[in-house]
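The structure appears right after this line, and notes come after that.
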Amino acid sequence: MSMNDCATGMLEVEKPILGHEPIRELLEGLSLCGPGQEYFRSLVSELARALDADIAFAAELSGEEPLRARTVARFADSEHVANIEYVLQGTPCNDVIEQHFCWIPEGAAERYPLDPGLAIQSVESYAAIALIDAEGAAFGWIGVMSRRPMMDGAKVRATLLFVAGRTSAELQRQQTAIALERAHADLAVHAERGEELERINAELQREIAEQRRSQRQMTHDALHDAVTGLPNRTLFMNRLDHAIAMNAREHVYDFAVLFLDLDRFKLVNDSLGHIAGDDLLRAAADRLRGCVRPSDLVARIGGDEFTILIENIADASEATCIAERISAELSRPFTVSGEEVFTSASIGIAVSATGYRSADAVLRDADTAMYRAKERGKGRYEIFDRRMHVQAVERMLMEMDLRRAVEREEFRIVYQPIVSIRSGELTGFEALLRWEHPVRGTIAPNDFISIAEENGLIVPIGVWVLKRVCAQLRRWPSTAHWPWCASINVSLRQTFDPTLIDELDRVLAAAHVEGASIRLEITESAMVERSAADFFERVRQLGIELCIDDFGTGYSSLAYLVNLPIDALKIDRSFVSTLDSSSEHCELVKTIIALAHNLGIEVIAEGVETPTQLRLLASLGCEYAQGFLFSEPLSEEAADRLVVSGHMFNALLEGCLAE
């Protein structure tokens with residue numbers, strides 16, 4: 001059987017063997033080794049043990065004309081032996097350099113009669129794999145030899161493949177260190193004898209030692225994250241380049257990249273401080289290390305973002321299993337600065353089956369999948385597909401357009417009336433934002449607010465809304481005799497903006513509008529944040545009222561309704577729309593209204609569209625309502641006309657209640 005025939009047959013039966021106990025012990029043993037010669041000595045002894053070989057070795061190219069090699073570590077007959085240097089011509093190692101892999105199950109000494117070492121050691125079988133640099137060239141190899149036939153080529157090849165990546169990096173690091181030592185040795189050769197020169201030489205040696213220490217530290221610092229001690233983006237991308245090169249050469253070698261973002265990390269950082277944020281990052285890094293295999297690489301690439309390289313997988317299910325394990329671990333509470341903190345991870349997964357050629361492309365796609373996971377609720381994972389890239393491009397274009405929209409003020413405000421169910425009087429409006437895109441037309445807030453919150457544009461947009469609404473309120477008192485109130489939606493991101501309160505004060509003063517004319521609507525999720533109480537208190541000092549929006553859809557505690565200065569709450573339209581068809585929702589709305597009244601809080605029903613809904617709300621004691629039954633959102637001019645006319649909704653109210 002020829003060597004190529006053997007390799008072909010081997011490819012047909014090769015299967016992942018990570019579950020084999022000797023291989024797992026090999027990987028665990030190597031993961032505990034330090035760099036340099038300690039690693040190579042452990043490598044050859046562990047290879048011999050794992051593959052039941054008589055001889056194991058690691059070698060590198062050492063010269064040309066003729067092409068020569070030298071071993072960096074050898075293990076023969078259960079003990080470490082001296083390294084040797086030899087000519088490659090006529091040896092199986094020469095075939096490894098040319099073909100990147102060589103497996104001879106039997107008859108090795110007869111096949112290479114010009115290699116005396118094989119005959120002297122009675123070698124029957126041989127297997128070795130090349131160590132490849134970033135340009136794809138072989139600069140060394142690792143292998144095993146046995147005095148017995150070695151027929152399980154799949155096991156041998158897969159085992160060598162498992163350790164080839166790190167071994168390549170370790171050999172390159174050792175070659176660099178040796179080159180530096182030779183340069184230092186050359187300096188010593190030129191030093192002349194004498195006491196003065198000996199003193200100079202001693203000083204030079206101290207400087208060299210310090211330089212080496214500094215270089216090692218600089219190299220480590222350049223490749224590792226200072227906060228968590230994990231590899232950084234540079235080291236991760238280097239390993240990912242090696243994985244891509246291996247995947248291109250070995251089609252049975254697949255990998256996956258997990259891109260993680262800690263959900264709600266910014267809120268922890270802003271509320272507890274940066275020291276607490278760093279503690280959370282370190283604790284999360286420790287848990288991530290515990291979720292992966294010894295051969296996998298965990299890195300922090302910036303902020304609250306982590307990446308994981310999972311090599312030599314059978315299929316994507318191995319990556320999803322690790323993602324599920326990570327989600328479970330990170331969902332457990334963390335103790336940071338004496339506080340119990342909860343977080344989760346949004347995870348994007350990119351697998352090598354996509355056919356990548358660059359590390360940047362892999363990371364880009366894993367990042368895109370991670371953002372899809374965030375959009376679908378956070379605390380979950382998504383596997384990248386091509387459609388995500390198209391959507392990511394569309395989102396990027398939307399963000400660019402949104403930045404221009406802020407500069408050009410392409411927004412407008414519409415006002416939906418809020419009506420007293422008891423009297424039919426108009427009591428105020430909810431100010432709703434619309435984006436008038438020059439090409440796409442009117443864009444609703446749900447399609448762009450999340451982007452604005454993510455990139456910080458929500459802050460200038462919020463200021464623009466506030467100024468516009470205050471200007472509108474300023475016009476109304478001159479044409480009507482009613483304490484009009486306008487409700488403005490405020491996002492969670494805005495409540496953490498330290499300039500918001502001062503901006504509110506300035507805008508109210510400039511427009512000569514009382515604080516009582518403004519009501520800020522916030523979500524339940526914003527209400528339960530650590531800094532919410534301080535924000536609420538400062539808002540109340542300006543005389544501004546506060547309203548909980550979409551009540552019943554979040555995760556608020558009833559204690560917040562008691563302890564925080566809430567003036568009103570809005571029943572979410574999802575409950576209102578099913579009042580006449582769901583007895584459960586009807587009972588829930590009844591309970592919410594009773595609770596609010598007991599606490600002195602007004603209740604407003606959103607999305608009222610039918611007389612039946614209005615009649616049920618009136619019977620349950622709800623005071624205020626808004627929705628298409630009364631009016632669709634009005635332009636500024638139409639809202640002005642409604643205020644000036646003194647329009648009452650009595651007739652509509654009486655008709656609905658009389659049915």
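The values are calculated or read from the model by the stated rules, or taken from the named source; none is laboratory data. What you see is a predicted model, and the numbers here were worked out from it, not measured in a lab. Neighbour counts are summed over all protein chains in view; Cβ atoms, including those assigned to glycine, are modelled from backbone coordinates with ideal geometry. Quick note on the areas: whole protein, heavy atoms, side chains included, nothing else; ligands and nucleic acids left out. Shrake-Rupley method; radii C 1.70, N 1.55, O 1.52, S 1.80 Å.
Table: residues versus (1) over 50 Å from the mean Cα position of the chain (by Cα); (2) under 17 Å from Leu47 (Cα atoms).
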position	(1), (2)
Asp95	no, no
Trp103	no, yes
Ala109	yes, no
Pro113	yes, no
Leu118	yes, no
Gln121	yes, no
Ile129	no, yes
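Against the condition in a strand (DSSP E or B) and open to solvent by 20 Å² or more (accessible area, probe 1.4 Å), how does Arg70 come out, does it pass? Taking the combined requirement at face value, the residue satisfies it.
Checking each residue in the stretch 565-596 for being in contact with a Gly (Cβ under 6 Å, 6 or more places away or on another chain) and of a type in the set (Val, Ile, Thr) picks out Val576, Ile593. When you look at Ala119, is it open to solvent by less than 60 Å² (accessible area, probe 1.4 Å), without any contact (Cβ under 8 Å) to a residue 40 or more places away in the chain, more than 22 Å from Ala248 (Cα to Cα) and small (Gly, Ala, Ser), yes or no? Answer is no for this residue. Just the residues that are without any contact (Cβ under 8 Å) to a residue 12 or more places away in the chain, closer than 19 Å to Glu305 by Cβ and either β-branched (Val, Ile, Thr) or in contact with a strand residue (DSSP E or B) (Cβ under 7 Å, 6 or more places away or on another chain) (or both), please, taken from the stretch 210-227. His224, the sole residue that qualifies.
In summary, His220 fulfils each of the numbered conditions (1) modelled with pLDDT of 90 or more; (2) open to solvent by 30 Å² or more (accessible area, probe 1.4 Å) with the single exception of condition (1). Within the stretch 450-481, restricting attention to residues that are at pLDDT below 85 and in a loop (DSSP other than H, G, I, E, B), the residue that is farthest from Ser645 (Cα to Cα) is Gly456. Looking at Ala373, Ala369, which one is open to solvent by less than 10 Å² (accessible area, probe 1.4 Å) and either in a strand (DSSP E or B) or touching a residue at least 40 places away in the same chain (Cβ under 8 Å) (or both)? It is Ala369. When each of Ile604, Ile592 is tested for being at pLDDT 85 or above, hydrophobic (A, V, I, L, M, F, W, C), open to solvent by less than 30 Å² (accessible area, probe 1.4 Å) and in a strand (DSSP E or B), the lone residue that passes is Ile604. Residues that are hydroxyl-bearing (Ser, Thr, Tyr) and free of Cβ contacts under 8 Å to residues at least 40 places away in the same chain within the stretch 232-260 comprise just one, Thr234. Is it the case that the stretch 388-407 has a residue that's more than 26 Å from Gly462 (Cβ to Cβ) and touching a strand residue (DSSP E or B) at 6+ places or on another chain (Cβ under 9 Å)? Checking the stretch 388-407: at least one residue is more than 26 Å from Gly462 (Cβ to Cβ) and touching a strand residue (DSSP E or B) at 6+ places or on another chain (Cβ under 9 Å). Among the residues of the stretch 607-659, those identified as hydroxyl-bearing (Ser, Thr, Tyr) and buried (at least 17 other Cβ atoms within 10 Å of the Cβ) are Tyr624, Ser631. Whenever a residue of the stretch 574-586 is within 18 Å of Gly627 (Cα to Cα), its partners that are at pLDDT below 85 and open to solvent by less than 60 Å² (accessible area, probe 1.4 Å), lying with C-beta atoms within less than 7 angstrom and at least six residues away or across chains, give the pairs Phe575/Gly552; Phe575/His585; Thr578/His585; Leu579/His585.
Looking at the stretch 306-336 only, could you name the residues that are within 17 Å of Asp286 (Cβ to Cβ) and in contact with a helix residue (DSSP H, G or I) (Cβ under 9 Å, 6 or more places away or on another chain)?
Phe306, Thr307, Ile308, Ile326, Glu329, Leu330, Arg332, Phe334, Thr335, Val336
Scan the stretch 18-27 for residues that are at pLDDT 75 or above and among the acidic types (Asp, Glu) and the total you get is 1. Could you check, for the stretch 123-138, whether at least one of its residues is farther than 26 Å from Leu235 by Cα, open to solvent by 10 Å² or more (accessible area, probe 1.4 Å) and not β-branched (Val, Ile, Thr)? Looking for residues that are farther than 26 Å from Leu235 by Cα, open to solvent by 10 Å² or more (accessible area, probe 1.4 Å) and not β-branched (Val, Ile, Thr), one finds at least one in the stretch 123-138, hence yes. Any idea how many residues of the stretch 376-388 are open to solvent by less than 40 Å² (accessible area, probe 1.4 Å) and outside any loop (DSSP other than H, G, I, E, B)? Total meeting the criteria: 2. Could you check, for the stretch 49-61, whether at least one of its residues is open to solvent by less than 20 Å² (accessible area, probe 1.4 Å) and either more than 19 Å from Ala128 (Cβ to Cβ) or among the charged types (D, E, K, R) (or both)? For the stretch 49-61, residues open to solvent by less than 20 Å² (accessible area, probe 1.4 Å) and either more than 19 Å from Ala128 (Cβ to Cβ) or among the charged types (D, E, K, R) (or both): present. With respect to the conditions (1) surrounded by fewer than 20 Cβ atoms within 10 Å (Cβ to Cβ); (2) aromatic (Phe, Trp, Tyr); (3) closer than 12 Å to Phe57 by Cα, Trp141 falls short on a single one, namely (1).
For every residue, the table says whether it meets (1) modelled with pLDDT of 90 or more; (2) among the basic types (Lys, Arg); (3) over 30 Å from Pro438 (Cα atoms).
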site	(1), (2), (3)
Ala314	no, no, yes
Val341	no, no, yes
Ile349	yes, no, yes
Arg357	no, yes, yes
Asp360	yes, no, yes
Glu375	no, no, no
Lys378	no, yes, yes
Gln391	no, no, no
Met400	no, no, no
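Residues in the stretch 322-366 that are open to solvent by less than 40 Å² (accessible area, probe 1.4 Å), among the aliphatic types (A, V, I, L, M) and part of a helix (DSSP H, G or I): Ile322, Ala323, Ile326, Leu330, Ala359, Ala361, Val362, Leu363, Ala366.
Have a look at Glu503, Glu545, Glu514, Glu537 and point out the one that is modelled with pLDDT of 80 or more and touching a Pro at 6+ places or on another chain (Cβ under 8 Å).
Being modelled with pLDDT of 80 or more and touching a Pro at 6+ places or on another chain (Cβ under 8 Å) holds for just one of Glu503, Glu545, Glu514, Glu537, which is Glu537.
Set side by side, the residues Ala283, Ala299, Ala276 differ, and just one is outside any loop (DSSP other than H, G, I, E, B), under 16 Å from Val362 (Cβ atoms) and in contact with a strand residue (DSSP E or B) (Cβ under 7 Å, 6 or more places away or on another chain), which is Ala299. Among residues of the stretch 261-284 that are under 15 Å from Thr335 (Cα atoms) and modelled with pLDDT of 85 or more, those with a Cβ under 6 angstrom from a residue that is open to solvent by less than 60 Å² (accessible area, probe 1.4 Å) and part of a loop (DSSP other than H, G, I, E, B), sequence gap 6+ or separate chain, pair up as Phe265/Asp304; Asp278/Val227; Leu281/Val227; Leu281/Thr228; Arg282/Thr228. Of all residues in the stretch 33-85, those satisfying the criterion of being among the aromatic types (Phe, Trp, Tyr) and modelled with pLDDT of 90 or more are Phe40, Phe57, Phe75.
Only one of the numbered conditions (1) part of a helix (DSSP H, G or I); (2) touching a residue at least 24 places away in the same chain (Cβ under 8 Å); (3) closer than 17 Å to Ile522 by Cβ is violated by Leu546, and that is (1). For residues in the stretch 226-269 being over 20 Å from the mean Cα position of the chain (by Cα) and not in a helix (DSSP H, G or I), which is surrounded by the fewest Cβ atoms within 10 Å (Cβ to Cβ)? The selected residue is His251.
One residue stands out among those in the stretch 483-496 that are within 21 Å of Leu432 (Cα to Cα) and open to solvent by 30 Å² or more (accessible area, probe 1.4 Å): the one that is modelled with the highest pLDDT, which is Asn489.
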